[in-house]
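Q: One structure follows; several queries about it will come next.
The values are calculated or read from the model by the stated rules, or taken from the named source; none is laboratory data. Predicted model, so just to flag it, every value in this text is computed and none were measured. Using ideal geometry, Cβ is built from the backbone for each residue, glycine included, and neighbour counts are taken over all protein chains shown.
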Amino acid sequence: MNAKRPPEEQAYDQWLQRDDVDTVAAMCRFFMKDDPVHQTLRKIADKLGELHIPYAVVGGMALGAHHFVRATVDVDILVTAEGLKRIHDELGGRGYVAPFSGSRNLRDVETGVRIEFLVQGQFPGDGKPKPVAFPDPGTSGEVINNVRYLKLPALIDIKLASGLTNPARLRDLADVQELIRVLKLPTEFAQHLNPFVRAKFEELRQALASSPAPEE
């Protein structure tokens with residue numbers, strides 16, 4: 001009999017690796033938005049709204065909000081340093097636990113899904129200072145289906161900066177290329193981006209334009 005959900009002490013991504021888990025069914029649930037990751041997203045968004053803590057969802061879940069849907073096993077949220085402290089003060093031990101002592105991240109005890117927090121002013125990719133930093137979640141987000149997500153230009157900025165400076169984050173470049181393809185973003189869209197990443201945006205766009213169209 002397949003396990004339906006992770007036990008409270010196990011993270012969702014680790015649970016998915018078990019032999020008794022039907023991962024195909026789990027991914028089907030993800031694309032139907034009826035899975036632990038979406039449940040965790042909606043719940044933490046409600047909690048942050050109730051606490052009036054500025055936030056913006058980033059990462060894989062933000063890609064879906066901007067019409068490129070790919071499966072992910074966690075929820076990434078941009079907050080301020082002050083907001084992060086309040087989150088741990090208000091939510092730690094109340095349905096959410098840190099994966100280890102001193103971690104800035106939390107795990108939803110009910111779903112097992114990790115919630116990873118990015119902090120305004122820090123730097124994507126290699127973590128070193130660069131022209132692109134994580135922006136203010138209070139001014140760089142927009143509400144889509146009752147959840148606040150990072151706006152598209154800011155999302156592309158941090159993904160390009162991440163992929164450009166960290167070889168282990170090449171998936172971020174692929175994510176941007178898929179956004180370009182799905183949304184048919186033109187050359188002019190680069191004017192909304194930080195100058196640091198504009199050339200890479202155009203390179204990815206040109207690579208798509210010169211490639212054969214994918215088979216349906």
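Q: Any idea how many residues of the range 21-67 are closer than 30 Å to Ala81 by Cβ and not in a helix (DSSP H, G or I)? Write out each step before concluding.
A: From the range 21-67, those closer than 30 Å to Ala81 by Cβ are 36-66; that's our starting set.
So of that shortlist, the ones also not in a helix (DSSP H, G or I) come out as 51-58, 66.
Residues in the range 21-67 being closer than 30 Å to Ala81 by Cβ and not in a helix (DSSP H, G or I): 9 in total.
Q: I would also like to ask the following. In the range 158-176, what residues are surrounded by fewer than 19 Cβ atoms within 10 Å (Cβ to Cβ) and either within 16 Å of the chain's Cα centre (by Cα) or part of a helix (DSSP H, G or I) (or both)?
A: Thr165, Pro167, Ala168, Arg169, Leu170, Arg171, Leu173, Ala174
Q: Next question, about the same structure. Just a yes or no: is a residue in the range 51-62 touching a residue at least 24 places away in the same chain (Cβ under 8 Å), farther than 24 Å from Leu170 by Cα and of a type in the set (A, V, I, L, M, F, W, C)?
A: yes
Q: Check Val143 against each of (1) under 16 Å from the mean Cα position of the chain (by Cα); (2) surrounded by 17 or more Cβ atoms within 10 Å (Cβ to Cβ); (3) closer than 20 Å to Gln39 by Cβ and name the one condition it does not meet.
A: Checking Val143 against (1) under 16 Å from the mean Cα position of the chain (by Cα); (2) surrounded by 17 or more Cβ atoms within 10 Å (Cβ to Cβ); (3) closer than 20 Å to Gln39 by Cβ, the one that fails is (2).
Q: In this structure, does Phe117 turn out to be part of a strand (DSSP E or B) and either modelled with pLDDT under 95 or not aliphatic (A, V, I, L, M) (or both)?
A: Against the criterion (part of a strand (DSSP E or B) and either modelled with pLDDT under 95 or not aliphatic (A, V, I, L, M) (or both)), Phe117 qualifies.
Q: Which condition does Arg107 not pass, out of (1) free of Cβ contacts under 8 Å to residues at least 40 places away in the same chain; (2) assigned to a strand (DSSP E or B), if it passes all the others?
A: Unmet condition: (1).
Q: Of everything in the range 73-95, what is of a type outside the set (A, V, I, L, M, F, W, C), crowded, with 17+ Cβ neighbours inside 10 Å and under 22 Å from Arg29 (Cβ atoms)? Give them in sequence order.
A: Result: Asp74, Asp76.
Q: May I pose another question? Pull out all pairs, ordered by first then second residue, where Cβ-Cβ is under 6 Å, the residues are six or more apart or on different chains, the first lies in the range 113-125 and is farther than 16 Å from Ala45 by Cα, and the second is crowded, with 16+ Cβ neighbours inside 10 Å and among the β-branched types (Val, Ile, Thr).
A: Gln120/Thr80; Pro124/Ile158; Gly125/Thr165
Q: Could you check the range 184-216 and list, in sequence order, the residues that are of a type in the set (A, V, I, L, M, F, W, C) and either surrounded by fewer than 14 Cβ atoms within 10 Å (Cβ to Cβ) or under 12 Å from Asp157 (Cα atoms) (or both)?
A: Phe189, Ala190, Leu193, Phe196, Val197, Ala199, Phe201, Ala207, Ala209, Ala213, listed by residue number.
Q: Still on this structure, please answer the following. Assuming Met27 fulfils every condition listed in (1) more than 19 Å from Gly141 (Cβ to Cβ); (2) in contact (Cβ under 8 Å) with a residue 60 or more places away in the chain apart from one, which condition is it?
A: (2)
Q: Can I ask one more? Give just the number: which of (1) of a type outside the set (A, V, I, L, M); (2) loosely packed, with under 13 Cβ neighbours inside 10 Å; (3) outside any helix (DSSP H, G or I) does Pro137 not satisfy?
A: Going through the list (1) of a type outside the set (A, V, I, L, M); (2) loosely packed, with under 13 Cβ neighbours inside 10 Å; (3) outside any helix (DSSP H, G or I), Pro137 breaks only (2).
Q: Being among the charged types (D, E, K, R) and either without any contact (Cβ under 8 Å) to a residue 24 or more places away in the chain or on the phi > 0 side of the Ramachandran plot (or both) is the filter here; which residues of the range 64-94 pass it?
A: Glu82, Lys85, Asp89, Arg94
Q: Could you identify the single residue in Leu155, Leu150 that is touching a Gly at 6+ places or on another chain (Cβ under 6 Å), surrounded by 18 or more Cβ atoms within 10 Å (Cβ to Cβ) and in contact (Cβ under 8 Å) with a residue 40 or more places away in the chain? Lay out the reasoning, then the answer.
A: Details: Leu155 fails: touching a Gly at 6+ places or on another chain (Cβ under 6 Å).
Only one candidate qualifies: Leu150.
Q: All but one of (1) at pLDDT below 95; (2) under 23 Å from Arg171 (Cβ atoms); (3) not basic (Lys, Arg) hold for Phe100, so report the exception by its number.
A: All conditions are met except number (2).
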